Amino acid sequence: MSAPGQKINPALDVHELIGELRAREAELALIHRIAGVGGLEVDLRDGFRNRRSPEYLTIHGLSPTATDESHEAWVARLHPDDRLRVERQFLDAVAGTTRDYSAEYRIVRPSDGQTRWVKVVARIERDPEDRPLRLIGAHFDVTDAKLAEQALRESEERFRIIANNAPIPMWVTKLDGERLFVNQAYAEFFGLSYQDALNLDWRSRVHPEDAAPILKAEELRRLAPAPDASADSPFVLEIRILRAEGEWRWVKAVSQARFDEHGRHVGFIGIAHDITIAKEAEIELRRLNEILEQRIRERTFQLEAREAQMRTILDTSNQYQCLLDREGRIQFANRTALASIGSNLDEVFGKFFWESPWFARTAQTEGAIRELFRVASRGELARSELSLDLPAARRILEIVMRPIAETGGGISGVLVEGVDVTERRHNEEALRQSQKMEAVGQLTGGVAHDFNNLLTILNSATEFLQKPDLPADRRQRYLEIISDTVVRATKLTSQLLAFARRHPMLPQSFNVATQMESIVELLQPVLGSAISVDLDLQSRDGIAVADVGQFETAVVNLALNARDAMPNGGKLTFRVSDVDAVPPVRGETAKNGDFVVVSVIDTGAGIDPQLLARIFEPFFTTKQSGKGTGLGLSQAFGFSKQSGGELEVRSEPGQGSTFSIYLPRVNLPGSAPENAEAASSKGENPERRSPEPSYRILLVEDNEEIGMLATEQLQALGQDVHWARDANDALVQLETARPEFEIMFSDIVMPGMSGIDLADHVSRKYPRIGVVLTTGYSQALSENRGARFPLVNKPYAMSTLLETFLDVMAGRERQRREPAGD
């Protein structure tokens, strides 16, 4: 048997020839079966006589016996939707002159009812006149290919619909950049038709600043070899593209490489997002960050410079400065503060401020500093003045604690500032005393005038008493004149000493009207004849509790200021009245209560309104240099405030001024003015009994004349008097006295041991002896210890002295009778 394709040998006999033909038919049938090709033959010379191969029957779902199927049976098997079209196409092809025939259609297989796609490829044989003779062809089952093609077409259609409805540009390109597809958003972005958008070279729309690096990156991407891990990652570009409206827009293009079935890189598929707003925001943010960084650098430099300046300022400041944290621990101290304790920052850092060396040498300061810190920690300003024993010396510091506020409103720490006011306080005290002495100096002229008058009276009366033939009645009258003059001199001296004494405030109750009468009498010669003085006592029974000496100083200072405001003369009125409230002054609220008001009213030039707020400042004065210290009004203001009252000023230029001292009024038993005046005028209590008892008295007096006269006068009144010339002599007599003395009457100011020290000694060692002291010096009264013993001022009357002895002995008798108790 010959192989397929070989020519048949004509020498063969008929039987061999038939056998070889059958063999070739079998091979051909096998090939058709393997390839799935169904053969057919249609005889067209007389109707349609069909002959089908077995493969054809299999494809069409026919039985093996239907080899000679009729034309109508084929038509009936066609799918209804394809039947008319396919039959018409076949008949037209047969009736025409074409020799090639092909078709694709669906059939419904009778065997299983499936719809299958069939592809026909055939040849029509014709005679010379183009009449059809025979059709020979092959049928192929192309259902799977058709379904795949349909699925692909549907997929492409879905992709197209999705892409065209997407709001962002999308494209598919070949490797050379030619667009195979663009969506509607892409065309609209460039303002082109679909075809023009396909043909557009997008590189022509790239911003010149972005083109070079972008094209280079794209070239490297396009030349990438077969797909690998990096090829799977998207290719991202951020570039500026010119839109149809002529506006540059920032887009973020994301492209993914495409590969064919052999792994060759064939192009890209990509999308683009308009990121103009975000990009502009990013650019603006970058610009702002650069500005911010620049400002931060500048601010940091400024802060470093300011910190250096601040440290320099702090370290060169004369103030003591410390920084404390929230708990009160020291975080910083400047050189001035550290130098005052001879230390450095490392030695005090982290210590509680109140336990630091600044306060270690001074007792009872820890509590005060803790309280200042507690107040500052609440967000308030805390201030105090402390006298501290520092290693170098004792210094007076004005300490201020300021809270340091956080941004959120809390307190992050406390700044401590200390100012050394030691020299200032000493100078203030010196100036205050100088001011007082200035006032005293002005008073001495008037006082000297009065004393000269009194001395003239005493001198004249004494000369008359020395005449041997002076009648008894005139002698008695001159003696009374001398006695009255001594009383007037005593009163004048006591007023001057009370004004000139310097001591802490010693509050005591006094009748304001009575005290003003004395002050006005003292001021009359000082103010001069050009000034008319009027005392208006609208209240005569007002009792106040204050330091009388400070009160007198305040009134005198106001009077002298008023005199200076009336250089050409005028009227000065002193008014005493009662009120039930202090009006609001200097922004303070009104104070309700009972007050005695002393007003000093002048008709001078008045005070400039711009100066009213400063006139009470220490050392502030409008007088010429050398004419005043500036402490007069400050002293009066301080006295009023410390006494629980107020100092008010009312003044208008050209209308004079009124200064009013408000003092709290009190009601004391037996404080009626008539009783007080009666007792004052008589020098004794009207209820006292006559001094009848006789006492054994130790008189201690270093002045010979006073000691001798006092001894003689007391002896003349029936007293047993022993005179000691100083404290040592008194101690000796106290040891040897038999029986024991009942009263010791001692001067305060003596050489050696003072009278107060002697009185303390006697009260401890001889508690049964009553002690009475006397002095003519106001400074001696400033020692508080003297308040423990009765005091009789020099000069004294014998009747007053004996009354004091009686009171002392009566008090000791009551102590002996009263039972001991708590």
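The values are calculated or read from the model by the stated rules, or taken from the named source; none is laboratory data. None of the values given here were measured: they were computed from a predicted structure. FYI the Cβ positions are ideal-geometry reconstructions off the backbone, even for glycines, and counts take in every protein chain you see. Only protein heavy atoms, including side chains, enter the accessible area calculation; ligands, DNA and RNA are left aside. Shrake-Rupley method; radii C 1.70, N 1.55, O 1.52, S 1.80 Å.
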Inset, instruction - Could you tell me whether any residue of segment 679-697 is surrounded by 18 or more Cβ atoms within 10 Å (Cβ to Cβ) and at pLDDT 55 or above? - result: yes
Inset, instruction - May I ask you to say which residue of LEU303, LEU372, LEU292 is of a type outside the set (Gly, Ala, Ser), under 31 Å from the mean Cα position of the chain (by Cα) and either closer than 16 Å to GLU417 by Cα or not in a helix (DSSP H, G or I) (or both)? - result: LEU372
Legend entry - Conditions (1) closer than 20 Å to GLY638 by Cβ; (2) of a type in the set (A, V, I, L, M); (3) in a strand (DSSP E or B); (4) under 46 Å from the mean Cα position of the chain (by Cα); number of the one not met by VAL600: (4)
Inset, instruction - Give the residue, chosen from ARG329, ARG299, that is at pLDDT below 85 and either open to solvent by 70 Å² or more (accessible area, probe 1.4 Å) or polar (S, T, N, Q) (or both). - result: ARG299
Inset, instruction - Under 8 Å between Cβ atoms, at least 6 apart or on separate chains: pull out the pairs that start in segment 401-414 with a residue that is more than 11 Å from ARG378 (Cβ to Cβ) and of a type in the set (Asp, Glu) and end on any residue that is assigned to a strand (DSSP E or B) and open to solvent by less than 60 Å² (accessible area, probe 1.4 Å). - result: GLU406/SER412
Inset, instruction - Kindly indicate which of PRO739, PRO795 is within 19 Å of PRO693 (Cα to Cα), at pLDDT below 90 and either open to solvent by 50 Å² or more (accessible area, probe 1.4 Å) or under 60 Å from the mean Cα position of the chain (by Cα) (or both). - result: PRO739
Legend entry - Answer residue from segment 798-822, given it is under 21 Å from ILE769 (Cβ atoms) and hydroxyl-bearing (Ser, Thr, Tyr) and is modelled with the highest pLDDT among those: THR804
Inset, instruction - State which residue is modelled with the highest pLDDT when the search covers only segment 783-792 and only residues that are assigned to a helix (DSSP H, G or I) and surrounded by fewer than 17 Cβ atoms within 10 Å (Cβ to Cβ). - result: ARG788
Inset, instruction - Check segment 516-527 and report whether any residue there is of a type in the set (A, V, I, L, M, F, W, C) and modelled with pLDDT of 90 or more. - result: yes
Inset, instruction - Spot the failing condition for PRO132; the list is (1) in contact with a helix residue (DSSP H, G or I) (Cβ under 6 Å, 6 or more places away or on another chain); (2) surrounded by fewer than 18 Cβ atoms within 10 Å (Cβ to Cβ), and only one is missed. - result: (2)
Legend entry - Those residues of segment 704-736 which are among the aliphatic types (A, V, I, L, M) and surrounded by 16 or more Cβ atoms within 10 Å (Cβ to Cβ), in sequence order: ILE706, ALA710, LEU714, VAL721, ALA724, ALA727, ALA730, LEU731, LEU734
Inset, instruction - Quickly run through segment 254-267 and pick out the residues that are under 19 Å from ALA211 (Cα atoms) and either at pLDDT 85 or above or among the β-branched types (Val, Ile, Thr) (or both). - result: VAL254
Legend entry - Residues (closer than 17 Å to ASP420 by Cβ and hydrophobic (A, V, I, L, M, F, W, C)) located in segment 327-368: ALA333, ALA337, LEU338, ALA339, ILE341, TRP358, PHE359
